[in-house]
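Working notes for the structure below.
The values are calculated or read from the model by the stated rules, or taken from the named source; none is laboratory data. Being a predicted model, the structure only gives us computed values, none of them experimental. All Cβ positions, even for glycine, are placed from backbone atoms using ideal geometry, and neighbour counts span all protein chains on display.
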Amino acid sequence: MKKLPVIRPLQSLILLSLIAASGILAHAQTPAQTPTQTPVQPPATKPPAPAAAKPLVPDGPLASDNKHYTSKDLSVRPYSPAIPAPLYPSSQRKQSQFTVQYVFNYATSNYTPPVPLALVSRAAARHDSPEAALTAYYSAMRSGDYEAWLQCWDEPSRKALEATTKQQKNGAEYWRALWRTAFANKRYFLIDRLETVNYIILDTRIEDPAKPAATQTDSEVLVINSGKWTLTNAFSNDGLIMNYDGTANKVVKEYEIAPTKELTGPAALTGEAQKEFFARHTTVASVTKTAE
């Protein structure tokens, strides 16, 4: 019998060769690994300190300034501990104004010609119209009739007048003396009438025959209650009444505000600095009224 050649070792060698080759290929396809390195942080540095702010307007010594300042001089008022210079650079100060305009609407008419107001007795006085009520009002003062004068006011105003008279202990004679000085021997002319949604204003020109240049205009506010026209103080705080001027269509009021200690300067500011500040400023508020 003929023997066949042995091939098993050759098959094993081929298999081992294939395994080795595949390992070499896999190793070649895997990228080389590099060790991980921790990034180096730069050393910490402190931020640069900000430059000290230097105001463009120098701080003037208040103690050497003897000028009396008002709100119209604020742009030239020296800085002081109470009002220090700006902390940061700023422009030169500029004197400025802020204007608020109120517009009041109403209807007006003129009496053509002006109407002379007659002197009527208490019995003849009427209150069925604004003009009649105003005639009764001036007649009571011109004749010194205190009780008739009180009846020319609405009830709240009358009670307030009586309370004030009692509190001040003036009495009827006080009013009569006042009226003799202000209203005796004068001539009264009703010149115009203003009508609003709540009340009517009547303007009266009062002339003194002995002093022709001493003519004045008096404005009175009237309302109607239960069919009776009377004078009233109920609208004393009304914007139109507070600012109305019978001789002009426009009134400009400029306010001089007095500094308030509780609101000026830091709370800890006391002593000479505060005293110096108020010594250089007006301490009384005022109003400058200009009619146009």
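If I filter segment 152-197 down to residues being over 30 Å from P113 (Cβ atoms) and polar (S, T, N, Q), which single residue comes out as surrounded by the most Cβ atoms within 10 Å (Cβ to Cβ)? The residue in question is S157. Counting only residues that are surrounded by 11 or more Cβ atoms within 10 Å (Cβ to Cβ) and touching a helix residue (DSSP H, G or I) at 6+ places or on another chain (Cβ under 8 Å), segment 84-111 holds 2 of them. The condition of being in the same structural domain as A160 (by TED's automatic domain parsing) and closer than 20 Å to Q151 by Cα holds for only one of V197, V223, that being V223. Scanning segment 55-110 for residues that are of a type in the set (F, W, Y) and either at pLDDT below 85 or more than 29 Å from G239 (Cα to Cα) (or both) gives Y69, Y79, Y88, Y102. Just checking, does segment 190-199 include any residue being assigned to a loop (DSSP other than H, G, I, E, B), closer than 27 Å to G239 by Cα and among the β-branched types (V, I, T)? Within segment 190-199 (the criterion being assigned to a loop (DSSP other than H, G, I, E, B), closer than 27 Å to G239 by Cα and among the β-branched types (V, I, T)), the answer is yes, since at least one residue qualifies. Only one entry of A248, A234 meets the criterion of being small (G, A, S), closer than 18 Å to N105 by Cβ and in contact (Cβ under 8 Å) with a residue 12 or more places away in the chain, and that entry is A248.
Just one of the listed residues (D145, D218, D203) is touching a Gly at 6+ places or on another chain (Cβ under 9 Å), surrounded by 17 or more Cβ atoms within 10 Å (Cβ to Cβ) and among the charged types (D, E, K, R), namely D203.
When the helices (runs of 4 or more DSSP H) confined to segment 71-170 are screened for residues that are in contact (Cβ under 8 Å) with a residue 40 or more places away in the chain, those reaching at least 2 such residues are found at 130-143, 155-168.
Has segment 213-224 got at least one residue that is without any contact (Cβ under 8 Å) to a residue 24 or more places away in the chain, touching a helix residue (DSSP H, G or I) at 6+ places or on another chain (Cβ under 7 Å) and aliphatic (A, V, I, L, M)? Yes, segment 213-224 has at least one match.
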